Structure formats: structure tokens, C-alpha cells
1. Which is outside the structural domain of TYR18 (by TED's automatic domain parsing), more than 30 Å from TYR18 (Cα to Cα), among the charged types (D, E, K, R) and in contact with a helix residue (DSSP H, G or I) (Cβ under 7 Å, 6 or more places away or on another chain), of GLU65, GLU83, GLU70?
2. So which residues in region 32-64 are aromatic (Phe, Trp, Tyr), exposed (fewer than 15 other Cβ atoms within 10 Å of the Cβ) and modelled with pLDDT of 95 or more, if there are any at all?
3. Would you call GLU83 of a type outside the set (A, V, I, L, M) and in a helix (DSSP H, G or I)?
4. LYS74 passes all but one of (1) among the basic types (Lys, Arg); (2) loosely packed, with under 14 Cβ neighbours inside 10 Å; (3) in a helix (DSSP H, G or I); which number fails?
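The values are calculated or read from the model by the stated rules, or taken from the named source; none is laboratory data. The shown structure was predicted, so the numbers you read here are calculated from the model rather than taken from an experiment. Reconstructed Cβ throughout: ideal geometry from the backbone, glycine too, with neighbour counts over all protein chains shown.
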Amino acid sequence: MVNAPMEMEGSAKMPEGYAKLSSLMSTDSEFAIFRKFVALNAQNLLYYQAELMGLESDLRATASEDQNSEDPDKKDFAVNWYELSHAKPDKNYQFRKFMQVRRILREYSMDIRALGNTDTQS
């Protein structure tokens, strides 16, 4: 039998509801049962994938435009990270787009790891 701490510090009784339930769950890991919302997580990952595919397409098109540009600074973006990352605001669309990709990709990667899905493709 597990003795759940049903009283808070002092002599006050544990309030009903989430506080009491969480106190009980903390006494034994078998009491801590949480729904994973697998279908919603999968839907979220699919939305991330769709968003990333669009961003990837935009990024590739922008990189191609920059590489074929008459602007010598933009031509070097593909091989010079410093120039890309320090370009003037009117020239740094590719860099800003990549920062957007990085943010979404980080969120996607964390969520896919949290779900425990190891079946991945490029």
C-alpha cells in the first residue's frame, strides 16, 4: 500500500482536483499515466513537414536567384557564410529565410524525438 501525501506542509489539507491527483501520482510512477495524443502529434508533425517543404522550396529558389545574380555579394552567398549572414538588410532574404527554416526545423526535430518516432526519411 502506498501512502500518498494527502496533506500539505503544516496541517492544511491537500486541495481537491489536480493538486491532490498530482500528489498521488508523485508517490509511485505507476500512478502517473498520461495520454500521448499520438494522432494530434502526428498531425502536428505533418504540418511541420508541409511548412518545411514550402520553406525549403523558397530557400532553394532564393539561393539559385542569388547565385545567378549580377550582384557580386549575392553570388558568393553559396560559398561564403560570413557574407550571407552579414549581408545588408536589402540583400539578406536568403539568410532570413534560412533562419526561419532553422527555427521550424528545431521545433520539428524536438517534437519528432519526443514522439519517439525513429522511422524517418530525408
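1. On the way: GLU65 fails: in contact with a helix residue (DSSP H, G or I) (Cβ under 7 Å, 6 or more places away or on another chain); GLU70 fails: in contact with a helix residue (DSSP H, G or I) (Cβ under 7 Å, 6 or more places away or on another chain).
Among GLU65, GLU83, GLU70, only GLU83 is outside the structural domain of TYR18 (by TED's automatic domain parsing), more than 30 Å from TYR18 (Cα to Cα), among the charged types (D, E, K, R) and in contact with a helix residue (DSSP H, G or I) (Cβ under 7 Å, 6 or more places away or on another chain).
2. Filtering region 32-64 for residues aromatic (Phe, Trp, Tyr) gives 34, 37, 47-48.
Next cut, exposed (fewer than 15 other Cβ atoms within 10 Å of the Cβ) only: 34, 37, 47.
If the condition is that a residue be aromatic (Phe, Trp, Tyr), exposed (fewer than 15 other Cβ atoms within 10 Å of the Cβ) and modelled with pLDDT of 95 or more, then TYR47 is the only one that fits.
3. Details: of a type outside the set (A, V, I, L, M): yes; in a helix (DSSP H, G or I): yes.
Spelling it out, GLU83 is indeed of a type outside the set (A, V, I, L, M) and in a helix (DSSP H, G or I).
4. (2)
One line per residue, one yes/no per condition, for (1) in contact (Cβ under 8 Å) with a residue 24 or more places away in the chain; (2) among the charged types (D, E, K, R); (3) assigned to a loop (DSSP other than H, G, I, E, B):
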{"site": "LEU21", "(1), (2), (3)": "no, no, no"}
{"site": "THR27", "(1), (2), (3)": "yes, no, yes"}
{"site": "PHE34", "(1), (2), (3)": "no, no, yes"}
{"site": "ALA39", "(1), (2), (3)": "no, no, no"}
{"site": "ASN44", "(1), (2), (3)": "yes, no, no"}
{"site": "ALA50", "(1), (2), (3)": "no, no, no"}
{"site": "MET53", "(1), (2), (3)": "no, no, no"}
{"site": "GLU56", "(1), (2), (3)": "yes, yes, no"}
{"site": "ALA61", "(1), (2), (3)": "no, no, no"}
